[in-house]
1. Looking only at segment 13-34, how many residues end up being at pLDDT below 85 and crowded, with 18+ Cβ neighbours inside 10 Å?
2. In the list LEU460, LEU456, LEU491, which residue meets the criterion of being more than 23 Å from GLU9 (Cβ to Cβ), surrounded by 20 or more Cβ atoms within 10 Å (Cβ to Cβ) and at pLDDT 85 or above?
3. Considering only residues that are surrounded by fewer than 18 Cβ atoms within 10 Å (Cβ to Cβ), free of Cβ contacts under 8 Å to residues at least 60 places away in the same chain and of a type outside the set (A, V, I, L, M, F, W, C), which ones fall in segment 307-336?
4. Could you check how many residues of segment 137-195 are over 25 Å from PRO224 (Cβ atoms), of a type in the set (Val, Ile, Thr) and in contact with an Asp or Glu (Cβ under 8 Å, 6 or more places away or on another chain)?
5. So is LEU269 assigned to a helix (DSSP H, G or I) and out of contact with any Pro (no Cβ under 7 Å at 6 or more places or on another chain) or not?
6. So which of GLU386, GLU353, GLU337, GLU363 is farther than 30 Å from VAL26 by Cβ, among the charged types (D, E, K, R) and part of a helix (DSSP H, G or I)?
7. When the residues of segment 35-69 are filtered to those that are under 20 Å from VAL85 (Cα atoms) and among the β-branched types (Val, Ile, Thr), which remaining residue is modelled with the lowest pLDDT?
8. Quickly run through segment 139-190 and pick out the residues that are within 37 Å of the chain's Cα centre (by Cα), touching a residue at least 40 places away in the same chain (Cβ under 8 Å) and part of a loop (DSSP other than H, G, I, E, B).
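The values are calculated or read from the model by the stated rules, or taken from the named source; none is laboratory data. In this text, all values refer to a predicted model and were calculated from it rather than measured experimentally. A quick note on method: Cβ atoms are made from the backbone with ideal geometry, for glycine too, and the neighbour counts reach across all protein chains shown.
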Amino acid sequence: MAINREIIEKVKQTADIVSIISGHGVLLKQAGSRYKALCPFHQEKTPSFTVNPQRGFFHCFGCGKTGSAIDFVMEYEKLSFAEAVTELANRLGIPLETTKTSHQSEDRVLQALNAAVKFYHTCLQQQSTAIPGRQYLQARAVPQDIQDTFQIGFIPDEWQLLIEHLTAKGFTTNELAHAGMVKISTKSGRPYDTFRNRIIFPIRDPRGRCIAFGGRSIDPNIQPKYLNSPETKYYQKKRTLYGFYEGLATIKQIRQLILVEGYLDVTRLHEFGFQQAVATCGTSLTIEHVRFAKRYVDKIILLLDGDRAGQQAALRSCPLFLSSGMDASVVTLPAGEDPDSFLLAQGDKKFSELLQRDTPVFEYLVQQSLAKHSPNVQGRTKAVEELLPMIRDIQEPQKQQLALMQLAESINLPVSAILEIVPKSLHYTQNNAILHNLHPSVIANNTGDQDEKRALQALLTSRDSIRVAREHLHAKEFRTPHFQQIYEKFLAFSNEDFQSMQIEEWKQWAPEMYPQIMEIYMDDFAGEGQEADLLLKRSIIRVKKRNFDLELQERLAAARTDEDKLHASKEVRQQKQLLNQLFQNVNLNSDKIEEVDL
């Protein structure tokens, strides 16, 4: 799908990048004219993700991810450029004018995946070879309407059944391999079906597109019991929730999720009216899962099996809720039960009563920690040492304080005594923590010449100024190496090409410099338009003046006589006077332009 450039520009200009990023569960906190947060694209404890609403750009100083609202949606939701623009245009009420070419209306890999859904489901319902699959679902009491809602399927124990079906429909083996449905034998080089002799659960994205499959073995001798599609362009386990699309209407209405462990747990809860139930796809809960959920819900109930493995899973998951600011609680099932078995035995009324006895995540962590350690001083000390790091990771000061008070009350000690047990501040040591987590290029930029940086920033903001810069500022006049390299890259373009360059296009033309370019562009500065022109001229004056002074120092040091020193001083003074005359129209007394003493 090709989208008109005018539509793309309208989306960029209309999109409120702060609202869009916040709407994806990122907890933004205002810091001056910008916003900061923990980066949603990599693990970190100190915020290095910055949003500049005036420029309409985000940038992470930790992992280097950067761009516009469109780039954020592309990266976060794993969409193509056209899909991200379409998604934002629909949210913003911008009519789309597109031109479609053959085979571009939808990705071929997605077409193959959705064709496989129909094949697996039809096979389960109609093929004689699928009798074992039907018998398995009958034994598990999975009703027909749930099989149809989730499009549950089956594949017999054959090596190329899906390949033969889909290649006959025009799909290539390469497309099927990219979709994760086909593997290539390392011995023979022949393709074979990824899933065989398994119940098939289609995994969908929030738009309802099948992006992967989960396969449950019906033969206890075939391992693993559960097999998921490999990760692809569309499918990342760390941010995908099974059952989310099927329950989306309920989830949006009640703004709640019930998180369970398995596919059949999800289908059982949906059957009994709890359509807000979801599960991770063969992986532990991740911070990406939580951030994804925050876009849609206000609370998550963690419902895990009543065995030791379920408790361990809860202990791993609860700190993620604390650090993300997500309201969450834990419900523990009776020993030996899972949601599937509990509902079949007890029904929906008992299950609703169980949900009402949920425990907030921090309270659950305190309970588990105290139960694990001895009730003496040494045991309580270990519990405090275990729980304080989790309190430190809570981003909101008020919640952090409440958690500390709750811990103190639980172990019957004053807060002051707890802090004496582990004598560390609950808050980050800002200077050390931030410096430690900064991307190396940021540290390099902070040690560079600020006037050189401002010159580059002015050029990125007012690209028409390249003509002035090219005439009066040479690359060799830069003393900071990485600034000089960036400026040389600027000068490599013609004036016309540089003037038409969009900021995001630097990712293509200078990928190795793109993070540094974005760091310069995102930094606060004097202003836009005419103010940027003045900023450039001011920066040129200051860079040249600095170089004149350095040249004078070198010449004075090398001078053998007083006459040589006098001659050097006179020449440098004349150069400064010429520079002052050259830029005599620069208003150095403006309230936004610092006065320069020439």
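1. 1
2. Details: LEU460 fails: more than 23 Å from GLU9 (Cβ to Cβ); LEU491 fails: surrounded by 20 or more Cβ atoms within 10 Å (Cβ to Cβ).
Exactly one of LEU460, LEU456, LEU491 is more than 23 Å from GLU9 (Cβ to Cβ), surrounded by 20 or more Cβ atoms within 10 Å (Cβ to Cβ) and at pLDDT 85 or above, namely LEU456.
3. ASP307, ARG308, GLN311, GLN312, ARG316, ASP327, PRO334, GLY336
4. 1
5. Working: assigned to a helix (DSSP H, G or I): yes; out of contact with any Pro (no Cβ under 7 Å at 6 or more places or on another chain): no.
No.
6. Details: GLU386 fails: farther than 30 Å from VAL26 by Cβ; GLU337 fails: part of a helix (DSSP H, G or I); GLU363 fails: farther than 30 Å from VAL26 by Cβ.
On inspection, the qualifying residue turns out to be GLU353.
7. Ranking the qualifying residues of segment 35-69, first place goes to THR66.
8. Hits for segment 139-190 are VAL142, PHE150, GLN151, ILE152, LYS169, PHE171, ALA179, GLY180, MET181.
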